[in-house]
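The numbers here are math on the coordinates, done by the rules we state, and not lab data. A quick note: this is a predicted structure, and the numbers were derived from the prediction, not measured. When we count neighbours, we look across all protein chains shown, and the Cβ atoms used for this are built from the backbone with ideal geometry, even at glycine.
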Amino acid sequence: MTRQLILASLVALYAATPAVSETAPKDVSYVDGAVVAALSSAPGNAESGAKVMASRAQGNCVACHQVSAMPTVSFQGNIGPALDGVASRYDAAQLRGIIANAKMMFDGTVMPAFYKTTGYIRPGNAYTGKAAEGELPPILDAQQVEDVLAYLLTLKE
Amino acid sequence: MTKRLTGMMAAVVLATSATAWAEQATDTLEIETENGALTLLTEVPAPAHLQDALDTIYSGWLFREADTRSMQKDDFDNPGMVFVDKGADTWNAAMGANGESCAGCHNGPESMAGLRTVTPRVDDKTGKLMIMEDYINGCVTERMGLKKWGTTSNTMKEMLALIAHQSRGEIVNVAIDGAAAPFWKQGQEMYYTRYGQLELSCASCHEENYGNYIRADHLSQGQINGMPTYRLKDAGLVSTQQRFKGCVRDTRAETFNPGSDEFKALELYVASRGNGLSVEGVSVRP
């Protein structure tokens, strides 16, 4: 089979798989700050999650948290607790809730809510300083939240 | 021991081994000037209105690395001094519609000594809250017949540098009562408002987290006694109004404009959080 053919059949396969279903930010239900149901029907990918956490434009979790398992990510902050061993302190549902909206568990925390679209004061268009046009998408999408969760679950004591 | 405590202790150990977060300095800001050494106050008890929140207020200088701190210790090494000189050139220039100059009305720039310690302030005659830029533009437009200078233009920032420099070593003491009270209240409310998609207030970073690191940045108390500042990264001056815009933008918010009523009120409030610190003239930041 030629390369092109392989590609074509892969594309066909992809198109044939059922669409991934997601829970919209407004439909997420929190119990004591935890979110039991996965936000996306596709499983989380820890490797992608690690990228989201280190990227300035996406999670930028390392701006505030230290993660020793990411030694190549420079300038990790210390606003929040180090995430080392975090999966031994919280279960998956609690971690999902913390990523989606940490304010549900930690009242008044400075940690931003990553899966929320309303309730902002003067929301801007990313980092441009200009007003947002219409309702903002959440900072992370459902799959990214699940990916970050998959990565956090690797951080065991 | 609880799980949480064990985790916290592990974090402390890691912090001291894996990362080198620098501590806040315990350095003295003694500056070599043309007229000898001048020591500035960089750490003083918090003003009364702030004592529920902070015991001590610190100049942002204490949060910078040793090499940046030392640049501010010697006027020869302070890159901001060039802009003070540029401000002086403008001060002396006969630039008005009828050849007026700042010097023509005010004599030398030293006539401005002390002004930086009490601005922003409410103007007696008009009842308006005035930041330094407003005073400057008042002269530029009404007394010199020129078009107003941009709030964050280079010409404006050089003039801010020259005027701030005249008060170097004097103690910040803006009024917060009387006619200033409503503006101050407005600014205080803004300081604690969690703007933007990241829902962070000035207090989130500069009151709750000064001394901590947010990515590579060592957070200070966000004081403005050193404004305008020379920023090495920009190779130029940054004014208070400009800095506010940057900080609000970083919360993924729609910012206010430099020179807006909102940012003027915020400047009064933030200035009052520094009542007791020395004016630093042109400070140096990374």
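Per-structure values
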read-out: Percent antiparallel among DSSP beta bridges (both partners in the protein assembly as shown, rounded to 5); value: 80 percent
read-out: Mean shadow area of the range B:48-158, taken as a quarter of the surface of its Cα convex hull (nm²); value: 9.7 nm²
read-out: Estimated FRET transfer efficiency (B:His106, A:Ser29; beta-carbon r; R0 45 Å; 0.05); value: 0.10
read-out: Taking B:Ser59, B:Ser272, A:Ser40 and counting other C-beta atoms within 10 Å, the order from fewest to most; value: A:Ser40, B:Ser272, B:Ser59
read-out: Cα Rg, Dmax (largest Cα-Cα span) when computed across the range A:18-157, Å; value: 14.7, 43
read-out: Packing-based exposure ordering (other Cβ within 10 Å, fewest first) of A:Glu22, B:Glu110, A:Glu157; value: B:Glu110, A:Glu157, A:Glu22
read-out: Candidate lysines for bridging to A:Lys156, where Cα separation is under 21 Å - those fewer than 8 sequence places away on the same chain excluded; value: A:Lys51, B:Lys3
read-out: Mean Cα-pair separation over length for chain B, i.e. relative contact order, pairs under 8 Å, 6 or more apart, %; value: 25 percent
read-out: Sparse-neighbour loop sites [trypsin sites (Lys or Arg not before Pro); the range B:52-161; at most 16 other C-beta within 10 Å; DSSP]; value: B:Lys125, B:Lys128, B:Lys147, B:Lys148
read-out: Acute angle (nearest 10 degrees) that the helix A:142-152 long axis makes with the longest principal axis of chain A, alpha-carbon atoms; value: 70 degrees
read-out: Least to most buried among B:Val248, A:Val86 (fewest other Cβ within 10 Å first); value: A:Val86, B:Val248
read-out: Linear extension gain, B:Glu32 paired with B:Asp55, 0.36 nm per residue minus alpha-carbon span; value: 5.3 nm
read-out: Integer Hz, Karplus 6.51/-1.76/1.60 couplings in order for the range B:82-96, x for Gly and Pro; value: 4, 6, 4, 5, 5, x, 5, 4, 5, 4, 8, 6, 7, 9, x
read-out: FRET E, pair A:Glu133, B:Asn173, Förster distance 45 Å, beta-carbon r, rounded to 0.05; value: 0.55
read-out: Dipole moment magnitude, nearest 20 debye, chain B about Cα centre, only Lys, Arg, Asp, Glu C-beta charged; value: 840 debye
read-out: Per residue Cα convex hull volume in Å³ - calculated over the protein assembly as shown; value: 199 Å³
read-out: Alpha carbon centroid spacing (whole Å) that separates the range B:243-286 from the range B:67-135; value: 18 Å
read-out: Debye, to nearest 20: dipole size of chain A, +1 on Lys, Arg Cβ, -1 on Asp, Glu Cβ; value: 340 debye
